[in-house]
Amino acid sequence: MVQAEQSLVDLVKQEIPIHQSEPESLVLSDDIKTGLVLVDIVNGFCTVGSGNLAPVVPNRQISNMVEESVKLSRTFCEKKWPIFAFIDTHHPGKPEDPYPPHCLIGTDESKLVPSLQWLEDEPNVTIRRKECIDGFLGSFKDDGSNVFVDWVKTNKIEAILVVGICTDICVLDFVSSTLSARNLGLLAPLKDVVVYANGCATFDLPNQIASGIKGAVAHPQELMHHIGLHMAKGRGAHVVYEVSLGSIKEPRSNSSCCYE
Ligand SMILES: [Zn+2]
């Protein structure tokens, strides 16, 4: 990141902090039924060189997000807790402006990243392909039922922990719609929507590069990630920077550790 961009990010973080005091953290336990929601952790957004919206070089924020999501997925599968995974999937010829074609059905782009593909065989995992930015809307089926709403109700989920990409686009839209649906009483018994900051990422298109591309809109990664988290908080989400395991009823050999 160039100096001017870093100064701007620092200034924005100072002017619109996510937390006024100590950052919130989430302690997972058997006492609160929690579901993990993975948003679009697919090759087309995360794997270097995998299409129009994939990173062109390795990207630390994105690889950290994938790593954290894999750790959480392992924990949830060990505990047999529910996981819901969105996969961005588009039919050719149906554009999603302002983005170029991406994650076309049947391609590697619309597959979970290699380190998460094992989730497809796990019984506690629900996978939903969606053809729009907002996963809540993308969960409606032709008969009017909603796969995500049904998942919350069937599993009696009281809290969801959201990770994935992009913080300020698909994650934010899903979180916003979910919170509105919760407030309308459509998602009982769901109470809390928690966004894990280090488990989210967005793409990087700095202004100095965007300005040289016709029609491109600048999207500096660190800045937009922070703004996405801030907006999610403004909708009523909890934004946490730490997730750990606590109050474990089953004996564990290494119970003081967050993850194995
Ligand atoms: Zn898409």
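Quick note: the coordinates plus some simple rules give every number you see, no bench work behind them. Treat the numbers as computed from the prediction; the structure is a model and nothing was measured. Cβ coordinates were reconstructed from backbone atoms using ideal geometry, including for glycine residues, and neighbour counts include every protein chain displayed.
Ordered by the count of other Cβ atoms within 10 Å of each Cβ, fewest first, Lys214, Lys71, Lys80 give Lys214, Lys80, Lys71. Remark on Thr202: its backbone amide H falls under 5 Å from those of Thr167, a criterion applied only to residues 5 or more positions apart or on other chains, H modelled at 1.01 Å from N. Considering helices alone, the calculated mean residue ellipticity of the chain at 222 nm is -8500 deg cm²/dmol, with DSSP H runs of length four and up weighted by -39500 (n - 2.57) and normalised per residue. For the chain, the share of DSSP beta bridges that are antiparallel, to the nearest 5, is 10%. Mean projected area of the Cα convex hull of the range 131-191, taken over all directions, amounts to 4.1 nm².
Between Asp142 and Ser180, the distance separating the two model label sites (each 7 Å from Cα on the Cα→Cβ line) works out to 2.6 nm.
For the set Lys191/Lys233; Lys33/Lys79; Lys33/Lys111; Lys153/Lys191; Lys156/Lys191, the pairs lying more than 19 angstrom apart at their alpha carbons are Lys33/Lys111. Equivalent ellipsoid of the range 27-245: semi-axes from √(5λ) of the C-alpha gyration tensor, largest first, are 26, 19, 18 Å.
With neighbour counts taken as other beta-carbon atoms within 10 Å, the residues Lys130, Lys233, Lys94 rank, fewest first, as Lys94, Lys233, Lys130. Computed on the Cα trace of the range 38-146, the radius of gyration divided by the Kirkwood hydrodynamic radius gives Rg/Rh = 0.97.
Multiplying the residue separation of Lys153 and Ser115 by 0.36 nm and removing their Cα-Cα distance gives an extension gain of 10.8 nm.
Which of the GluC sites (Glu not before Pro) across the range 116-175 are loop residues per DSSP, with 15 or fewer other Cβ within 10 Å?
Glu131
Measuring r between the beta carbons of Val2 and Lys94 and using R0 = 51 Å, the FRET efficiency lands at 0.85.
Fewest-first ordering of Ile169, Ile227, Ile62, Ile16 by other beta carbons within 10 Å of each residue's beta carbon gives Ile16, Ile227, Ile169, Ile62. Using the average count of surrounding beta-carbon atoms within 10 Å as a protection proxy, the listed peptides 48-54, 201-207 rank, highest first, as 201-207, 48-54.
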